[in-house]
1. Go through (1) more than 17 Å from the chain's Cα centre (by Cα); (2) exposed (fewer than 12 other Cβ atoms within 10 Å of the Cβ) and name the single condition residue 39 misses.
2. Considering (1) farther than 28 Å from residue 11 by Cα; (2) part of a helix (DSSP H, G or I); (3) not acidic (Asp, Glu), say which one residue 55 fails and leave the rest.
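Read the figures in this text as sums done on the coordinates, not as results from a lab. Computed from a prediction, not measured in an experiment: that's the story for all the values here. We place every Cβ from the backbone using ideal geometry, glycine too, and count neighbours over all the protein chains shown.
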Amino acid sequence: MTDEKQDLDNLLKHPGWQRVVEYATKDIANRIKTAQRNAANETNDIMALNQLRQCLAAEQALETFVAWPQARLKALEHAAAQTTTSGQMSRRGTL
């Protein structure tokens, strides 16, 4: 488990990951902006709503992907804290 924690910590600090996040965020933001403009120009309201729904889904998928390493790291840290703070329960107490 500590290997995964270290790997995720290294990933978040790695310049390559930071570049991926920066590129993906900018690229998807530009694509979504273009798709929203196209949806606004759509004469069919149902098609426009579908296009906007797809834009939101793409944006949420990107946010989930980018946030996963940090969320997983927090979950691992929380699990480790729970393991170390919970004492051993026995019928004899803390002898």
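1. (2)
2. It is condition (1) that residue 55 fails.
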